[in-house]
Amino acid sequence: MGYALMHRLLPFLILAATAIAEPPDVWPGWRGPANGVSMLRTLPSSWNAERGVAWKADVPGRGHSSPVVWGNRIFLTTDIEGEVISGAAPVKHKLEGQPFVHPESVSGNRKHTLKVLAYDAGNGKLLWERTAYEGKVFDDIHRFNTYASPTPVTDGKFVYVWFESQGLYKYDFDGKLVWTASLGGIASLGVGTGGSPVLFEDLILLLCDQDEGKDSFLAAVSTRDGKVAWKLNRKNAITWTTPALVESGGRKLLIVPSTEDVVAYDPRSGKELWRAEGLGGTVVHTPVTGHGMVYVSTGYPTKKTMGIRLDPAPGEARVAWKYEKGTGYIPSPILYGDYVYLMTGAGLLTCLDAHTGEPRYEAKRFPTPGQFVASPVAFDGKVLITSQDGDTYVVKAGPVHEIIGTNPLGEQIFASLALVGDSVYIRAEKHLYRIRAST
């Protein structure tokens with residue numbers, strides 16, 4: 001190829017190489033690429049049980065894990081409860097030094113079959129089903145919870161599945177088991193797990209805070225062989241949060257909020273980088289980040305949201321602002337544009353200025369009363385908020401409260417939505433749905 005021709009073609013060759021290198025539209029783990037927000041504009045915002053459903057697939061068992069999507073693959077986990085196992089009993093717990101049994105604890109004496117499911121995104125066909133674990137479980141769960149609540153994470157070649165005390169598993173996209181790993185029994189006060197694995201380069205990061213904190217730890221597992229790369233003991237009481245990876249000053253931080261403190265760790269080594277005051281309540285919510293800040297929150301027994309500076313100027317406080325109402329027990333907040341949106345379990349929506357914490361509106365209701373456990377997602381100037389009854393409300397993003405659509409599916413929904421390509425993927429109680437934009 002002559003120099004002149006090569007010179008003229010170079011920009012096109014660079015463009016083509018860039019396009020090939022970019023991954024497809026993906027939702028690789030809990031809360032998607034980042035914060036539950038998609039940059040796509042081709043997604044549907046109007047549907048119901050008869051309209052807009054490209055396909056609907058059966059999902060056996062129970063699970064609150066969200067769909068994970070990469071290319072033509074969708075991954076889910078599920079828990080199938082079996083018979084009582086003679087002599088089986090969950091681990092014992094203490095709270096404030098006294099024996100403790102949660103009044104809503106169930107299932108720790110039963111056989112459980114924990115499965116990984118892979119679906120074809122094109123037609124909803126079940127491509128493969130693998131039993132990761134079968135047998136006795138370590139601890140009880142809350143009757144509302146499941147043993148398949150953590151969302152898997154994928155790097156586009158492999159999928160990593162976390163069943164907490166029942167193990168960590170690596171599968172390839174064809175369903176071949178590559179390795180299994182165990183971090184031992186993890187005591188969760190008899191209510192089960194909620195946090196999901198976090199993928200950082202060649203590490204899977206797992207937060208394992210337990211009971212009153214005596215055996216709590218944070219660990220990194222090698223994606224190559226499943227061996228523990230590092231493990232850090234913590235003294236924090238149990239949390240159900242998923243830590244958040246954020247970038248500050250050209251380096252990655254792993255933000256772990258808890259009752260006692262909020263800590264930034266180096267995800268490569270586990271070294272503590274800084275520490276801020278804790279939230280004071282039980283931490284279930286996943287942090288969100290933007291504007292040089294990380295936003296952490298709790299909804300029980302206290303309600304508190306804090307905006308924390310990642311890199312405060314000399315003399316500037318680490319905590320920029322606090323807001324002490326508007327949060328619920330389970331739904332995480334969402335940061336979209338210049339606003340942080342908070343949800344209560346009863347469906348009261350609050351919008352805060354992300355820079356100052358000042359409310360733009362507070363405790364706004366949805367048209368139909370309901371309970372909310374799924375966390376919001378957002379795209380193209382819209383925030384999607386899904387009720388347990390299966391209604392997804394479309395809220396106009398911004399400082400003025402406006403509901404611009406209601407999408408009833410007619411089936412209960414506990415998992416958060418996934419936004420990929422031209423579709424919204426919804427894991428409902430018994431089915432997986434692909435909602436597709438009309439052409």
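The values are calculated or read from the model by the stated rules, or taken from the named source; none is laboratory data. On a predicted model such as this, the values are computed, not experimentally measured, just so you know. Neighbour counts are summed over all protein chains in view; Cβ atoms, including those assigned to glycine, are modelled from backbone coordinates with ideal geometry. Calculation scope for accessible area: heavy atoms of the full protein, side chains included, ligands and nucleic acids excluded. Shrake-Rupley method; radii C 1.70, N 1.55, O 1.52, S 1.80 Å.
For the stretch 241-257, does any single residue satisfy the condition of being modelled with pLDDT under 95 and among the polar types (S, T, N, Q)? Yes, that holds for at least one residue. For the stretch 234-270, filtering for residues that are over 19 Å from the mean Cα position of the chain (by Cα), hydroxyl-bearing (Ser, Thr, Tyr) and assigned to a loop (DSSP other than H, G, I, E, B) leaves 2.
The residue that is most open to solvent (accessible area, probe 1.4 Å), among those in the stretch 379-406 that are of a type outside the set (Val, Ile, Thr) and closer than 26 Å to Thr146 by Cα, is Asp389. Residue count for the stretch 118-152, restricted to those that are buried (at least 24 other Cβ atoms within 10 Å of the Cβ) and of a type in the set (A, V, I, L, M): 3. When the stretch 326-353 is filtered for residues that are out of contact with any Cys (no Cβ under 8 Å at 6 or more places or on another chain), surrounded by fewer than 22 Cβ atoms within 10 Å (Cβ to Cβ) and closer than 18 Å to Pro399 by Cβ, the ones remaining, listed by number, are Gly337, Asp338, Leu348, Asp353. Scanning the stretch 128-164 for residues that are without any contact (Cβ under 8 Å) to a residue 24 or more places away in the chain and outside any strand (DSSP E or B) returns a single hit, Lys157. Taken as a whole, the condition of being modelled with pLDDT of 95 or more, open to solvent by 10 Å² or more (accessible area, probe 1.4 Å) and within 16 Å of Met343 (Cα to Cα) does not apply to Phe372.
Report yes if Arg275 is basic (Lys, Arg), farther than 20 Å from Pro399 by Cα and part of a loop (DSSP other than H, G, I, E, B), otherwise no.
Working: basic (Lys, Arg): yes; farther than 20 Å from Pro399 by Cα: yes; part of a loop (DSSP other than H, G, I, E, B): no.
So Arg275 does not fit the description; no.
Restricting attention to the stretch 163-187 and to residues that are of a type in the set (Asp, Glu) and surrounded by fewer than 16 Cβ atoms within 10 Å (Cβ to Cβ), the residue that is farthest from Lys214 (Cα to Cα) turns out to be Asp174.
Taking the stretch 294-308, which residues are crowded, with 18+ Cβ neighbours inside 10 Å and farther than 18 Å from Val373 by Cβ? Full working, then the answer.
Step one: of the stretch 294-308, the residues crowded, with 18+ Cβ neighbours inside 10 Å are 294-299, 303-308.
Matches in the stretch 294-308: Val294, Tyr295, Val296, Lys304, Thr305, Met306, Gly307, Ile308.
Of all residues in the stretch 101-118, those that are at positive phi have Cβ atoms under 8 Å from Cβ atoms of residues that are of a type in the set (D, E, K, R) and not in a loop (DSSP other than H, G, I, E, B), 6 or more apart or on another chain, in Ser107/Glu81.
Quick one: count up the residues across the stretch 189-208 that are in a loop (DSSP other than H, G, I, E, B) and under 17 Å from the mean Cα position of the chain (by Cα).
First, pick out the residues of the stretch 189-208 that are in a loop (DSSP other than H, G, I, E, B): 189-197, 201-202.
Filter once more, so that each one left must be under 17 Å from the mean Cα position of the chain (by Cα): 192-197.
Of the residues in that region, 6 qualify.
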